[in-house]
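The values are calculated or read from the model by the stated rules, or taken from the named source; none is laboratory data. Everything quoted here is computed from the prediction, not taken from an experiment. Cβ coordinates were reconstructed from backbone atoms using ideal geometry, including for glycine residues, and neighbour counts include every protein chain displayed.
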Amino acid sequence: MSDGYVKHTVNDGIATVTFHHPKSNSLPGHILRGMADAITTCGNDPSVRVIVLRSEGDKAFCAGASFDELVAIEDGTRGLEFFSGFAHVINAIRTVPVFVIGRIHSHCVGGGVGIACAVDIAYATTNATIRLSELAVGIGPFVVGPAVERKVGTGHFGLLSATPATKRSAQWAEQNGIYAELFETTEALDARLDAHARELAAYSPEAMTDIKRVLWKGTEDWDQLLIERAKISGRLVLSDFTRSAIAAFKEAAAKR
């Protein structure tokens, strides 16, 4: 548990996939694999009508890639393996035959923005800011990029990518299609999310599967595309720039 976990439950047709890591819900490889596996398992369960994806704790919804794991990458093969974890999570969300609702209780950074964009519907609190931070450490949002671009458009994706130090408000994310609705409290967020999940659980699973297929039309090449993008990140993470940038971020965080 000290290195985080992924768990899932199923009740009354609603599957809940929960992830947690003590470092602001950052994502090492084992959590990425656990998330993809749990989403796929729930999606393949004939009793499941809808999946809720959430994280635990009162800090970030997701702080993106684990810096500890990034600095441990020693070659392109290992880099590809790690960044492919994000590809597998996004593709699991994309291909399961049920809607995936995201519970975004706090801010999203880097890959966390990608996950918030990948879910079919995201409900968030008003403090759920977003920041696509990858360029600041010399990588770039290559793997999560297609999911972000699909939600906000090419222009805003370019803006987010090129301003990695800029934190944007939950209101900005709502206005640009990432969040469906915002709530002042987590209690209000949970009430709306629970009500919608229960509503969806009562509808025709066949109809919802067909709707989801329509909504994701044009992404059929993502199985290959996201892995190709992971190769780029896996190469860049080995650069001296990235090594130095991550070390500086970790040093600054340790002093806070």
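Structure above, values below:
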read-out	value
Test: residue in segment 57-71 that is without any contact (Cβ under 8 Å) to a residue 12 or more places away in the chain, among the aliphatic types (A, V, I, L, M) and surrounded by fewer than 17 Cβ atoms within 10 Å (Cβ to Cβ)	no
Helices (runs of 4 or more DSSP H) lying entirely in segment 175-256 (those with 3 or more residues that are at pLDDT below 95 and of a type in the set (Phe, Trp, Tyr))	none
Checklist (1) over 19 Å from the mean Cα position of the chain (by Cα); (2) surrounded by 16 or more Cβ atoms within 10 Å (Cβ to Cβ); (3) over 30 Å from Gly79 (Cα atoms) applied to Val237, failing item	(3)
Residue selected from segment 97-108 under the condition among the hydrophobic types (A, V, I, L, M, F, W, C), in contact (Cβ under 8 Å) with a residue 60 or more places away in the chain and assigned to a strand (DSSP E or B), by the criterion surrounded by the most Cβ atoms within 10 Å (Cβ to Cβ)	Ile104
Count of segment 164-185 residues which are under 19 Å from the mean Cα position of the chain (by Cα), hydroxyl-bearing (Ser, Thr, Tyr) and farther than 18 Å from Asp120 by Cβ	2
The listed residue being within 18 Å of Glu134 (Cα to Cα), under 18 Å from the mean Cα position of the chain (by Cα), crowded, with 22+ Cβ neighbours inside 10 Å and at pLDDT 95 or above, out of Ile90, Ile39	Ile90
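This table checks each residue for (1) out of contact with any strand residue (DSSP E or B) (no Cβ under 8 Å at 6 or more places or on another chain); (2) in contact (Cβ under 8 Å) with a residue 60 or more places away in the chain.
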residue: Ile115; (1), (2): no, yes
residue: Ile121; (1), (2): no, yes
residue: Ala128; (1), (2): no, yes
residue: Val137; (1), (2): yes, yes
residue: Leu159; (1), (2): yes, no
